[in-house]
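Written out below as structure tokens is the structure these notes cover.
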Amino acid sequence: MNGGKPSGKPGGRPRSRRVLPGFGLTLGVTLGYLGVLVLIPLGALFLKASGMGWAEFLKAAGSPRAMASYRVTFGSALLAASVNAVMGTLMAWVLVRYRFPGRRVLDALVDFPFALPTAVGGLTLANLFAAKGWLGRWLEPMGWKVAYAPAGIVVALVFIGLPFVVRSLQPVLEDIDHEVEEAAATLGAGRLRTFGQVILPTLLPSILTGFSLALARAIGEYGSVIFIAPKESEIASQLIWYRLEEYDYAGAMAIAVVMLVASFALLAGVNLAERWASRFQR
Amino acid sequence: MSARLTRRGGSGAAAKPRRGSEDPAWVRWLLVGVCLAFAGVFLVLPLINVFGQALARGWRASVGSLAHPDTLEAFKLTAWVTAICVPVNTAFGVAAAWLVARFEFRGKALLVTLIDLPFSVSPVVTGMLFVLLFGLRGYLGAWLDARDIQVIFATPGIVLATLFVTVPFVARELIPVMQAQGSDAEQAALTLGASGWQAFWHVTLPSIKWGLLYGVILCHARAVGEFGAVAVVSGRVSGVTDTVPLRIEKLDNEYNPVAAFTLAALLALLALVTLGIKTWLEHRQQGELARAQAPMEASDEH
Amino acid sequence: MSIELKDVSKRFGPVAAVDRVSFQVGDGELVALLGPSGGGKTTVLRMIAGLEEPTEGDILVRGQRVNDVPVQRRNIGFVFQGYALFKTMSVADNIAFGLKIKKWPSAEREARVEELLRLFGLEGLGRRFPHQLSGGQRQRVAIARALAPRPSVLLLDEPFGAVDAKIRQELRDWLVRMHDELSVTTVFVTHDQEEAMEVASRIVIFSRGRLEQVGAPRVVYEEPANEFVARFIGVLNVLELRVEGGVARLNELTFPAHGVAEGQGLRIGFRPYAVQVSRNPREHRYRATLRHVYFLGVLMRLELATPSGLVVRSRITKDEFTRLGLAEGDEVSFHVREYRVLARDGDGLGPEVSAVHHAGTLGEGI
């Protein structure tokens with residue numbers, strides 16, 4: 001008996017909720033604030049960029065150096081988000097399904113990259129993987145150079161993207177009904193088959209959501225990367241930074257527009273993935 | 001690491017063997033082992049390393065390194081920026097959550113996307129947006145310059161960039177909480193004669209306080225730690241427009257690892273405190289939820 | 001009149017949730033708004049409270065038009081379906097909330113809270129929080145909170161919906177007793193016809209936003225205004241007949257044609273209690289097999305199957321059942337003592353007001 005919970009009708013009948021006051025006030029505050037802080041600056045960028053003309057835009061956004069920076073940015077971000085998708089799924093599974101010593105500490109620590117300023121993350125990772133660092137001193141003799149090498153960028157991005165997949169997945173895993181798995185077992189499915197054909201399809205949308213979030217974050221990341229990135233390969237954010245330092249605003253804007261469009265496309269992708277994920281939950 | 005590895009069955013309820021959904025012991029051990037190794041490299045070692053490097057030359061060197069006037073100024077600036085940004089975005093978050101969770105209107109989905117937008121803008125691009133608007137060559141640059149108002153390479157620019165970056169945190173935490181609670185309690189307050197403000201203060205606010213605090217904590221952590229956006233608008237003037245994270249990078253570039261890591265360790269400590277409060281808040285919320293949803297076993301009907 | 005609705009409509013976009021509804025509630029009455037879910041009854045209740053604005057029409061409380069009076073100043077007590085207790089406040093604070101808003105002096109406030117706790121059997125629970133209460137206690141807190149500021153009207157939305165079946169009965173009795181004691185004008189919404197019949201002194205029946213009938217429980221049961229009401233209130237045997245050779249017929253069951261032309265259809269309905277059953281297979285008009293007996297407490301429900309396979313439900317008391325000595329599988333006979341014409345082909349089989357036809361006519365008509 002579901003005695004305590006209000007069995008109200010969420011979204012059942014159409015209901016005008018305007019009986020609660022504050023619509024005008026909160027609408028005004030929200031739109032005004034977002035308008036001034038977010039929309040006007042973004043609009044100004046696109047307005048200014050649109051004044052450049054295609055040829056100039058393509059020259060700035062498509063220069064060899066810019067292209068190289070996209071390759072580094074998107075390549076490292078994709079790689080890091082993929083690592084996060086696999087390891088995040090594994091961590092979420094272990095955290096939700098198993099009990100082991102240190103589980104709660106690990107659960108709390110997953111959010112550490114969220115809470116830690118990215119500069120601190122970059123600083124300590126660079127130090128850790130440097131030739132004299134605690135990990136670097138073992139890895140470099142084996143020929144694995146991480147700090148001040150392209151691999152370092154991926155390591156930094158894995159670090160900052162770590163929480164996304166785990167946190168997207170945990171609630172879904174907790175919600176999975178044991179009875180579904182037991183049903184699969186009674187129908188003769190082995191564990192691996194149950195995971196592959198029953199559990200994984202339920203998790204996939206959330207893995208995708210987490211992956212996209214980690215990817216979006218990785219594409220824009222700057223603070224941690226600059227500590228560990230090698231001189232010879234730069235990410236797009238770094239290139240924007242250099243262009244700004246050279247007062248080459250047009251060059252900076254062109255790359256920024258490319259980055260923004262990529263981020264918005266990803267954001268739309270996340271929304272679609274979330275809608276897709278909830279299609280069985282109506 | 002030799003303790004038992006038990007399957008988690010239900011929440012504390014009699015741990016019935018769930019054979020149909022149980023993994024073999026070797027699988028469990030393997031997966032847990034891989035996870036702990038990964039977490040060790042990516043979470044635990046970096047954390048320990050921060051403190052290890054900070055104290056590499058002993059306590060005294062670390063504490064002494066903090067006394068540099070530029071470092072003290074960096075602390076002051078970060079404190080100021082945080083003190084402005086967190087309350088402003090908290091107020092915004094509450095207003096936005098009330099709007100989104102309590103009313104139906106056209107364009108709501110678009111508005112929610114707009115609230116999330118700053119999450120997906122690269123920090124360097126964020127900083128650039130404000131340079132384009134307020135910088136000397138920006139849209140408002142000449143106008144501001146004529147009136148001797150400096151936004152870019154000054155505190156106002158840092159505040160704006162930080163505000164932009166921390167816009168979504170409080171709203172994002174509150175919207176689902178308020179949506180889940182529904183508006184019946186507020187309507188009940190209205191039928192009892194309460195005004196909108198009274199309903200908000202006496203009914204809404206007490207019931208969202210943990211979610212609100214959670215959002216504030218996350219907003220605070222990000223406001224303190226923001227690097228890229230602030231770096232672009234600050235101009236990096238030592239002792240004037242360097243926040244603590246910027247100061248860390250500068251010290252690192254000056255080959256002063258002890259000072260850099262000591263500052264980093266302070267921020268890491270702050271992050272740990274944030275995590276602690278966050279875990280505590282989650283615990284509280286879960287406890288409240290469990291109690292609210294628990295079947296009323298004690299049915300003492302008279 | 002305590003509450004009066006005049007041609008009230010509520011539209012959500014193109015959908016009319018409430019369509020030109022008018023009725024009145026007298027001082028001190030206990031009235032049920034009854035109907036299937038989605039029938040518009042909750043919307044009506046919310047409009048009376050001021051939680052919803054009517055699109056058209058007037059709502060009057062004690063003769064005053066209140067359409068433009070905000071919910072805060074309507075002086076109503078509203079009990080929400082899920083109770084909407086303030087979970088961060090104790091029971092006493094919940095009950096005192098309305099009094100604090102209305103700035104009662106604290107001594108009077110405390111006295112009133114104490115009085116209500118006593119009246120509602122909640123002594124000693126004042127310091128508990130809503131999550132520490134049982135479902136029935138929560139409901140009583142919700143009602144006490146609504147009544148605390150002495151509202152002129154008490155409105156309850158599905159008051160028994162959220163409690164389990166066992167205590168529902170207790171709560172019904174308790175609501176009636178409370179109403180008798182306080183005699184505050186009370187309107188409640190329910191989708192359960194049994195509940196409405198048992199608790200209310202008058203019932204307002206809705207379906208799809210329209211008002212179907214207003215009347216005392218006995219009236220709506222015995223003289224339903226139309227087919228919807230007849231079918232919704234209580235159990236009804238419904239037969240689709242066709243007029244052949246001057247009588248309306250379905251297999252072996254026949255009824256008078258009631259002026260319906262040859263070849264046209266006719267729908268009639270009769271209550272299970274109007275079906276008289278005899279052990280003697282020849283005593284009544286129709287023969288049947290007693291297929292199932294359902295034990296309902298003091299009443300027994302019999303399921304009769306005619307030779308052609310029609311199923312007719314009858315309801316008799318346990319005493320009569322014992323007297324007749326019936327058992328499942330018996331050959332019996334039955335006849336229909338009274339019935340009503342629900343619809344005729346000529347009317348497009350729409351709902352229609354009908355008169356009761358007694359068995360006497362039935363016998364003679366054939």
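Odds and ends about this structure:
- Against the rule of thumb 2.2 N^0.38 Å, how large the Cα Rg of the range C:29-81 comes out: 1.15
- Inter-chain neighbour count for A:42-51: the average number of beta-carbon atoms from partner chains within 10 Å of each residue's beta-carbon is 3.
- Overall form of the range A:52-281 per C-alpha gyration tensor (a/c, 1.5; a/b vs b/c): oblate
- Rounded if a/c under 1.5, otherwise prolate or oblate - the range B:25-100, Cα gyration tensor axes: oblate
- Charging the Cβ of each Asp and Glu at -1 and of each Lys and Arg at +1, and nothing else, the dipole of chain B about its Cα centre rounds to 660 debye.
- In summary, the helical segments of chain B meeting the span-like criteria, namely a full DSSP H run, a Cα extent along the axis of 15 angstrom or more and a mean Kyte-Doolittle hydropathy of at least 1.6, are B:25-39, B:123-134, B:155-166.
- Long-range amide H partners of C:Leu33 with built H, under 5 Å: C:Phe188, C:Val189, C:Thr190, C:Val204
- Choice from B:Gly141, B:Gly182, B:Gly127 with maximal GNM fluctuation in chain B (Cα, 10 Å cutoff): B:Gly182
- For C:Thr306, the shell of other residues with beta-carbons less than 9 Å away shows a net charge of 0, using +1 for Lys and Arg and -1 for Asp and Glu.
- Projecting the Cα positions of B:Leu77, B:Phe164, B:Phe51 onto the charge dipole of the range B:37-187 (unit charges on Cβ atoms of Lys, Arg, Asp and Glu, taken about the Cα centre) puts B:Phe51 furthest along the positive direction.
- Overall form of the range B:200-249 per C-alpha gyration tensor (a/c, 1.5; a/b vs b/c): prolate
- Selection from A:Gly133, A:Phe57, A:Ala183 lying farthest towards where the dipole of the range A:52-281 points positive, charges on Cβ: A:Gly133
- Mean Kyte hydropathy of -1.0 or more with a Cα span along the axis of at least 18 Å, helices from DSSP in chain A: A:64-97, A:150-175, A:200-220, A:249-277
- Think of each Lys and Arg Cβ as +1 and each Asp and Glu Cβ as -1; about the Cα centre, that makes the dipole of the range A:78-196 roughly 580 debye.
- Antiparallel %, DSSP beta bridges [both residues in the protein assembly as shown], to 5: 80
- Look at the stretch C:76-83: the mean tally of other chain Cβ atoms within 10 Å of its residues' Cβ atoms is 5.
- Semi-axes of the equivalent ellipsoid for the protein assembly as shown, computed as √(5λ) from the eigenvalues of its C-alpha gyration tensor and ordered from largest down, come to 68, 33, 28 Å.
- Placing +1 on each Lys and Arg Cβ and -1 on each Asp and Glu Cβ, with no other charges, gives the range A:52-281 a dipole about its Cα centre of roughly 440 debye.
- Checking the Cα-Cα distances for B:Lys108/C:Lys10; A:Lys132/B:Lys250; B:Lys108/B:Lys209; B:Lys209/C:Lys103; C:Lys6/C:Lys100; B:Lys209/C:Lys100 against a 30 Å cut-off, the pairs over it are C:Lys6/C:Lys100.
- Top of B:Ala231, B:Ala25, B:Ala56 by mean-square fluctuation, Gaussian network on chain B, Cα under 10 Å: B:Ala25
- Spin-label model distance (nm) - C:Arg73 vs C:Val176, 7 Å beyond Cα toward Cβ: 4.0
- The range A:52-281 - percent relative contact order, Cα under 8 Å, separation 6 or more: 32
- Placing R0 at 60 angstrom, the Cβ-Cβ distance between B:Trp59 and B:Glu104 gives a FRET efficiency of 0.50 after rounding to 0.05.
- Farthest positive-ward along chain B dipole, Cα basis, beta-carbon charges - from B:Val177, B:Leu111, B:Trp143: B:Val177
- Three semi-axes describe the equivalent ellipsoid of chain C; taken as square roots of 5 times the Cα gyration tensor eigenvalues and ordered largest first, they are 48, 26, 14 Å.
- For B:202-210, mean number of other protein chain Cβ atoms within 10 Å: 3
- The 3J(HN,Hα) values that the Karplus relation (6.51, -1.76, 1.60; θ = phi - 60°) gives for the range C:318-331 are, in residue order, 5, 4, 5, 4, 5, 4, 6, x, 7, 8, 4, x, 5, 7 Hz. Gly and Pro appear as x.
- Here chain C carries DSSP beta bridges of which approximately 75% are antiparallel, counting only pairs with both residues inside.
- Under the criterion of Cα pairs below 8 Å and six or more residues apart, the relative contact order for chain B equals 27 percent.
- Stretching the chain fully between B:Thr279 and B:Thr113 yields a gain of 57.0 nm (0.36 nm per residue, less the alpha carbon separation).
- Per-residue packing, averaged as other Cβ atoms within 10 Å, sorts the ranges B:206-213, A:91-98, C:165-172, B:187-194 into the order B:187-194, A:91-98, B:206-213, C:165-172, beginning with the highest.
- Around C:Glu108: net Lys/Arg minus Asp/Glu count, Cβ-Cβ under 12 Å: +3
- A straight chain from C:Val298 to C:Ala261 at 0.36 nm per residue would run longer than the Cα-Cα distance by 9.0 nm.
- In chain C, Cα pairs under 8 Å separated by at least six residues give a relative contact order of 15 percent.
- Nearest-0.05 FRET efficiency for B:Ile149 and B:Phe75, computed from C-beta distance (R0 22 Å): 0.30
- Taking a sphere under 14 Å around the Cβ of A:Ala60 and counting the other residues whose Cβ falls inside, with K and R at +1 and D and E at -1, yields a net charge of +1.
- Per-residue [θ]222 nm for the protein assembly as shown (sum of -39500 (n - 2.57) over DSSP H runs n ≥ 4, rounded to 500): -16500 deg cm²/dmol
Taken together, the values in this text are just the output of simple stated rules run on the coordinates, not laboratory data. In this text, all values refer to a predicted model and were calculated from it rather than measured experimentally. Virtual Cβ from ideal backbone geometry, glycine too; neighbours counted across all protein chains shown.
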